[in-house]
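In what follows, a single structure is set out as C-alpha cells and then discussed.
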Amino acid sequence: VTSPPTSLECFLAGPRRFETRTRALDSLPPEWVRVQFLYCGICGSDMSEFEGRRAIAYPASLGHEFIAEVKQVGEAVNTLTPGDLVTSDLNYRCGHCEQCRADRSHLCRDRQVGFFSNRAFAHAADIHASYLLPLQGPPARHLTLSEPLSCALHAKRWTRLRPDDRILVIGAGGIGLSIAFALCTEHPSFAFEVAELSDSRRALIGDAVATSGRAITAPDGEYEVVFDASGTESGLRTACAHVKPGGRLCLLSHLEGYTAADFLLEDITPKDITFTVSYINGQRENLKTAARLLSEHWTPTWDALLEVIPIEQLQEAFERRRTSPWCKTLIHIDWSSREQQDVVAADVLSAA
Ligand SMILES: [Zn+2]
Ligand SMILES: [Zn+2]
C-alpha cells in the first residue's frame, strides 16, 4: 500500500505561535496545480495575524508572497507544466462579475471563493491554476517581491505622479522598498525621499535609491504626494502632517486591527486632499509588470535590503521582524532532510 503524498506545513496555532504539521495531499482536481515552495516573504498582513491583531480562526495558514516550482498539473491545466517557476496572485478573479468587468478584478465579488493561495510556509500545496503566474527562471529569491511590488504599482497609479511633484515614502519595510523600486525603475528622473527611523534600513535603502532618491530620518516641509507604507498609526500621523494642501495621500499599510485613528479626518479635512486607501494589487497586469521589472532591474544593491531565514526558524523570523535591520524578510523553504523523517513517521502511523 502506498501512502498518499504528504506535505509539511508551519501553521499558526494561535497568536505568536507557529507549529508544524504533516498534511496529506488529496488527488489533484482538474484545474489545480501542485507546487513545491522555494521562498516566501513575510508580509505586513502575515505580521498582523501573527500578532493577533486581526480576528481570524485558528489554525491559520500564512504566506502568499512566494515563488514555487510546479510539480504536477491537473488534467484541465494547459498553461503550466511541471518544472515551471511560478509566483502567485493574491486574488481569485472570476472574470465576469461587475467588478471584474470594470477593471477592478482584485475586488472580484467571488474573491472569497475559498481557493486561497495563502499557505506557502510549507513544503508543498495544491493551488487553483488561475492564481499562478509563470516566471522566467532561475528561481531568484527576489522574485518573491512580485506580489508586494504589484501592490506598489497599483498604488502608484492612483497617485498620478507628475515630474515636478515632491514625493515622500514613509517606511522602508517591504512595501516601502517596493514603492522605491517602482519609482526608480518606472520614473528614473523623479526625485523622492524615503523616511525611515531604523538606522540600518535607512542606510540600505539610501544606497539602493541613490540615483534619484534619498533616505531621511524625518520629513521636512510639504509634499505633493505622500505614500504611507509604515504600517503604524504614527506613520499615518506623519503622512497627514506633511501632505501639502491639495495634495495626494496614499495609504498602503495594514492599519486593520489598530485602534481607530481618531485624528485622521481632523488632520486631512482642512487640507482638501485626495486620500486613497490602496487595497491589494489591482489588475492582474500589475503582477506581470512587477515580475518583469524585478527580472530586468534588480541589482546587488537592492538585494542587500533582503534578509533570508531558513523555514526551521520561522517562529524567530516573525518575532524579530519588527526590529530586523533589513527592509524585508524572506523565508527559504528547504525541508529535504526533515521531510524524509516525517514521511517515515507517516508510514509508521498508517501501518499501525
Ligand atoms: Zn503581501
Ligand atoms: Zn469577478
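What follows draws every value from the coordinates through simple rules; no lab data is involved. Because the structure is predicted, anything quoted here is derived from the model rather than measured. Cβ placement follows ideal geometry from the backbone for every residue including glycine, while neighbour counts extend to all protein chains displayed.
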Quiz prompt | Column: log10 I(q)/I(0), Debye, Cα scatterers of the stretch 1-97, q = 0.15, 0.21 Å⁻¹ | solution = -0.78, -1.23
Quiz item: Using Cα pairs under 8 angstrom and six or more residues apart, how large is the relative contact order of the chain, in percent?
Solution: 19
Quiz item: When only alpha-carbon atoms count, how far does the stretch 204-318 stretch along each of its three principal axes, as whole angstroms with the largest first?
Solution: 46, 36, 33
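Which value, in nm² and rounded to one decimal, describes the direction-averaged projected area of the C-alpha convex hull of the stretch 164-270? Mind dumping the intermediate values first?
Working: hull surface 26.0 nm².
Seen from a random direction, the Cα hull of the stretch 164-270 projects 6.5 nm² on average.
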Self-check item: Using alpha-carbon coordinates, inclination of helix 336-351 to the longest axis of the chain, degrees
Solution: 40
Practice problem: Any of LYS288/LYS328; LYS156/LYS244; LYS156/LYS328; LYS71/LYS156; LYS244/LYS288 with alpha carbons more than 24 Å apart? Name them for me. | Solution: LYS71/LYS156; LYS244/LYS288
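In the stretch 87-185, what is the volume of the convex hull around the alpha carbon atoms, normalised per residue and reported in Å³?
Working: hull volume 13.9 nm³, N = 99.
In the stretch 87-185, the Cα hull volume divided by residue count equals 141 Å³.
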Quiz item: Which translational diffusion coefficient, to the nearest whole µm²/s, is obtained for the chain from the Stokes-Einstein equation, given a Kirkwood hydrodynamic radius over C-alpha pairs, 37 °C and 0.692 mPa s?
Solution: 155
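Sort VAL169, VAL86 so the one with the fewest other Cβ atoms within 10 Å of its own Cβ comes first. Don't jump to the answer; show the numbers that get you there.
Working: VAL169 34, VAL86 23.
Fewest-to-most ranking of VAL169, VAL86: VAL86, VAL169.
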Quiz item: Please state the relative contact order of the stretch 1-73 as a whole percent: Cα pairs under 8 Å, 6+ residues apart?
Solution: 38
